[in-house]
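**Q** Next up is a structure, given as structure tokens.
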Amino acid sequence: MLGKFFQKPDSSMSDRVPPGQHLTKGFPVLTYGETPKIDFIDWELRVWGLAKQKIFSWSDLLNLPQSEFTADFHCVTRWSKLDVQWTGVKVTDFLELVEITEPPKHVMLHCYGGYTTNLDWSDFALEDNFLAHRLFQEPLPSDHGGPVRLVVPHLYAWKSAKWINGIQLLAQPELGFWERNGYHSRGEPWQEERYSF
Ligand SMILES: Nc1nc2c(c(=O)[nH]1)N[C@H]1C(S)=C(S)[C@@H](COP(=O)(O)O)O[C@H]1N2
Ligand SMILES: [Mo]
């Protein structure tokens, strides 16, 4: 694994690379199961739970303020990629269009293909999190979650739901796919919150 594609972080980067991680120059694809093929014209994002149900389309997303993001990406399988460039919509800008009915405590992200992952509301409703639809100035490739994925830079990348199509606002914590299968409920890379045991 080490060598050509993975490097030990040098000291100038060590403050950027969480413990137990190696840098990769490429951008590996990490998907459980098949890659769903969703045309942007068919893509939908439904919000429900402690909010008035609402379905967002591709054009709804593009009508929101667009931002550029540069973020580090840390997979729990021990690779990190620094300075990934994305274009998309801040979660906080998106939430302006959501009519919340009761203060949420937690959220479940749902994806085309059935993948789910959970977040505390306080880890989700942040300006640094975003719905991405471009990667390095190009349309987000389907294997990296196109047409639209969530990116949560401060947590391990399994929280960054690819092919996102649902945001369920919850009053109580619930566990998503990997979290039910032994991954940590929160997944903070600097604390090495890898597993729940
Ligand atoms: N829908 C969905 N989202 C997902 C996954 C997945 O299997 N399905 N894998 C997660 C994991 S473990 C990681 S590390 C990142 C990988 O993103 P990448 O394939 O763009 O590198 O996506 C996350 N989001
Ligand atoms: Mo991952």
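**Q** Please get the size of the charge dipole for segment 39-191, origin at its Cα centre, with Cβ charges of +1 on Lys and Arg and -1 on Asp and Glu, quoted in debye to the nearest 20. Please report the intermediate quantities before stating the final value.
**A** Working: 13 positive and 20 negative charges, 76 e Å.
So the dipole magnitude of segment 39-191 works out to roughly 360 debye.
**Q** Here is a follow-up. Just order 139-149, 63-73 by mean Cβ neighbour count inside 10 Å, highest at the front, would you?
**A** Numbers: 139-149: 19.5, 63-73: 14.7.
Packing proxy ranking, top to bottom: 139-149, 63-73.
**Q** Between PHE124, ALA171, TYR156, whose Cα lies farthest towards the positive end of the dipole of the chain when Lys and Arg beta carbons carry +1 and Asp and Glu beta carbons carry -1, centred on the Cα centre?
**A** Positive-end residue among those listed: TYR156.
**Q** Now, a different point. Going down the table (LYS90/LYS159; LYS25/LYS90; LYS25/LYS159; LYS25/LYS162), which pairs top 19 Å between alpha carbons? Please list the in-between numbers first.
**A** Values: LYS90/LYS159 16 Å; LYS25/LYS90 26 Å; LYS25/LYS159 21 Å; LYS25/LYS162 21 Å.
Over 19 Å Cα-Cα: LYS25/LYS90; LYS25/LYS159; LYS25/LYS162.
**Q** Something else: What relative contact order, as a whole-number percentage, does the chain give when Cα pairs under 8 Å and 6 or more residues apart are counted?
**A** 23 percent.
**Q** What ranking, highest mean first, results for peptides 97-105, 167-175 when packing means the other Cβ atoms within 10 Å averaged over each residue?
**A** Values: 97-105: 13.3, 167-175: 16.9.
The most tightly packed comes first, giving 167-175, 97-105.
**Q** Under a plain spin-label model, where a point goes 7 Å from the Cα along Cα-to-Cβ, how far apart in nm are TRP48 and PHE197?
**A** Modelled inter-label distance: 3.4 nm.
Values quoted throughout were computed directly from the atomic coordinates according to the rules given, and no laboratory measurement underlies them. Bear in mind that the values here come from a model prediction, so they are computed numbers and not experimental data. Methodologically, a virtual Cβ is constructed for each residue, glycine included, from the backbone with ideal geometry; neighbour enumeration extends over all protein chains shown.
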